[in-house]
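Novice: Sharing a structure, written as structure tokens. Questions coming.
The values are calculated or read from the model by the stated rules, or taken from the named source; none is laboratory data. All figures in this text were calculated on a predicted structure; none of them were measured in a lab. Counting neighbours? That spans all protein chains shown, and the Cβs are built from the backbone with ideal geometry, glycine included.
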Amino acid sequence: MINEQLAELSNLSLVVAIVLYVLAMFGFSADLASLSQRRSDRRLAAQESPDGARVLHGAAVTAGGASTAGTDGRSGSTGGLTAPTDGAGERTPGTMTAQKFAFLLAIAGTLLHVVGVGARAAATQRVPWTNMYEFATTSSALVMVAFLVFSIKRTELRVLGTFVVSPVLLVLLLAQTFWIVPAAALTPSLQNSHWLIIHIGIAIIATALSILGAVVAALQLLQARHERALVEKASAGEDLPEHWGRFGHVLDRLPSSTVLESLSFRIHSTAFVCWTFTLIFGAIWAREAWGRFWGWDPKEVWTFIIWVIYAAYLHARATGGFRGSRAAGLALAGFVAVVFNYTIVNTVINGLHSYSGL
């Protein structure tokens, strides 16, 4: 029996969560833009001053490419982040900055997001991941929860908020626009199976980590290229460039490529373990449901492809000469396979796997 009131509460909670995420994204973006503008003004002022120019020329670059000194404000101790300072347009401890406000909005949006997922489960009296709509809302909620957990432990990672909230918003908007289906009971083929909870639950965690890891890997690639340009200019004795304009200043605000690479590796390592168990538990469930462990179903094949690509990424990350940008490229290739598996395979390619309402 479907509880329609709880189903409506779920939809309302998700809609309000989307609004809060939009506001949080604007807040995180405003924080990046304001600091980038102040840094650009200081850099221009320094270049007009002989003393300031010498400081810019002498900016040291670590092995990972993060600036450790100079008036651009990057700090090696924080992976390329500007520490709170006093008075001259920078942040001061305890003040309500755009970043703090955006982070609070992200927390509120995540709480409502989780409430929406929970209300959907209560309304249907089952786990909330039996169709594409529910899979999308649940996995995107886990992305936000993971980001908040990382950011509470390491506050410098909050600067990634714009790049995390944006894909979550995209997934939610797609879910609300194209994949939404009314709350309904399970189809007979999925009823009374504990593997629905185990197999799909692990797959949701794996997908959420893949999304978060892809965001970090993409930023790693951009940051590495930006840092190489800074090193080339500094070694040539030229002024540090306004590389990529305003976006270059945004990259100055982010952690160094080595910090991002380390974070990407930790996320993808956990995701790989989850994809491994997704394959194992899926094979066991297939044996119970269809009488065989493996039948070359499109969903099975693409999940295996995802597993192989992420295995290649982990191997490349541990191999000299393939670390850094090359390994990050493999991580992004794995995410492309995840997106293909979740969209094209689910909706276009016929197979034994199906989602109710589509």
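Novice: Scan Phe293, Phe335 and give me the residue that is assigned to a helix (DSSP H, G or I) and of a type in the set (Phe, Trp, Tyr).
Specialist: Details: Phe293 fails: assigned to a helix (DSSP H, G or I).
Selected residue: Phe335, the only one of Phe293, Phe335 that is assigned to a helix (DSSP H, G or I) and of a type in the set (Phe, Trp, Tyr).
Novice: Another question, if that's okay. Regarding Arg317, is this residue at pLDDT below 90 and either touching a Ser or Thr at 6+ places or on another chain (Cβ under 9 Å) or loosely packed, with under 15 Cβ neighbours inside 10 Å (or both)? So that I can check it myself, show each step before the final result.
Specialist: Numbers: at pLDDT below 90: yes; either touching a Ser or Thr at 6+ places or on another chain (Cβ under 9 Å) or loosely packed, with under 15 Cβ neighbours inside 10 Å (or both): yes.
Yes; evaluated as a whole, the condition is true for this residue.
Novice: Could you say whether any residue in region 133-143 is surrounded by fewer than 19 Cβ atoms within 10 Å (Cβ to Cβ) and either out of contact with any strand residue (DSSP E or B) (no Cβ under 6 Å at 6 or more places or on another chain) or of a type in the set (Asp, Glu) (or both)?
Specialist: Checking region 133-143: not a single residue is surrounded by fewer than 19 Cβ atoms within 10 Å (Cβ to Cβ) and either out of contact with any strand residue (DSSP E or B) (no Cβ under 6 Å at 6 or more places or on another chain) or of a type in the set (Asp, Glu) (or both).
Novice: With Val117, Val149, Val165 as the choices, which residue is in a helix (DSSP H, G or I), within 14 Å of the chain's Cα centre (by Cα) and in contact (Cβ under 8 Å) with a residue 60 or more places away in the chain?
Specialist: On the way: Val117 fails: within 14 Å of the chain's Cα centre (by Cα); Val149 fails: in contact (Cβ under 8 Å) with a residue 60 or more places away in the chain.
Of the residues listed, the single one that is in a helix (DSSP H, G or I), within 14 Å of the chain's Cα centre (by Cα) and in contact (Cβ under 8 Å) with a residue 60 or more places away in the chain is Val165.
Novice: Would you call Ala183 assigned to a loop (DSSP other than H, G, I, E, B) and over 22 Å from Ser262 (Cβ atoms)?
Specialist: Working: assigned to a loop (DSSP other than H, G, I, E, B): yes; over 22 Å from Ser262 (Cβ atoms): yes.
The answer is yes for Ala183.
Novice: If I filter region 263-311 down to residues being of a type in the set (Ser, Thr, Tyr) and surrounded by 17 or more Cβ atoms within 10 Å (Cβ to Cβ), which single residue comes out as farthest from Ile200 (Cα to Cα)? Walk me through how you get there before you give the answer.
Specialist: Residues of region 263-311 of a type in the set (Ser, Thr, Tyr): 264, 269-270, 276, 278, 303, 310.
Going one step further and asking which of them are surrounded by 17 or more Cβ atoms within 10 Å (Cβ to Cβ), we end up with 264, 278, 303, 310.
On the way: Ser264: 23, Thr278: 7, Thr303: 12, Tyr310: 19 Å.
That would be Ser264.
Novice: Could I ask something else about it? Across region 229-250, which residue is modelled with the lowest pLDDT among those that are buried (at least 21 other Cβ atoms within 10 Å of the Cβ) and closer than 19 Å to Ser29 by Cα? Break it down into steps so the answer makes sense when it comes.
Specialist: Residues of region 229-250 that are buried (at least 21 other Cβ atoms within 10 Å of the Cβ), as a first pass: 230, 240, 249-250.
Adding the requirement that they be closer than 19 Å to Ser29 by Cα leaves 249-250.
Working: His249: 72, Val250: 77.
Across region 229-250, the extreme among qualifying residues is His249.
Novice: In region 244-290, which residues are outside any loop (DSSP other than H, G, I, E, B) and of a type in the set (Gly, Ala, Ser)?
Specialist: Here is the first cut: in region 244-290, the ones outside any loop (DSSP other than H, G, I, E, B) are 245-253, 257-290.
Within region 244-290, Gly245, Gly248, Ser257, Ser262, Ser264, Ser269, Ala271, Gly282, Ala283, Ala286, Ala289 qualify.
Novice: While we're looking at this one, here's another question. If you go through region 168-185, how many residues are touching a residue at least 24 places away in the same chain (Cβ under 8 Å) and either of a type outside the set (A, V, I, L, M, F, W, C) or surrounded by fewer than 17 Cβ atoms within 10 Å (Cβ to Cβ) (or both)?
Specialist: Qualifying residue count, region 168-185: 7.
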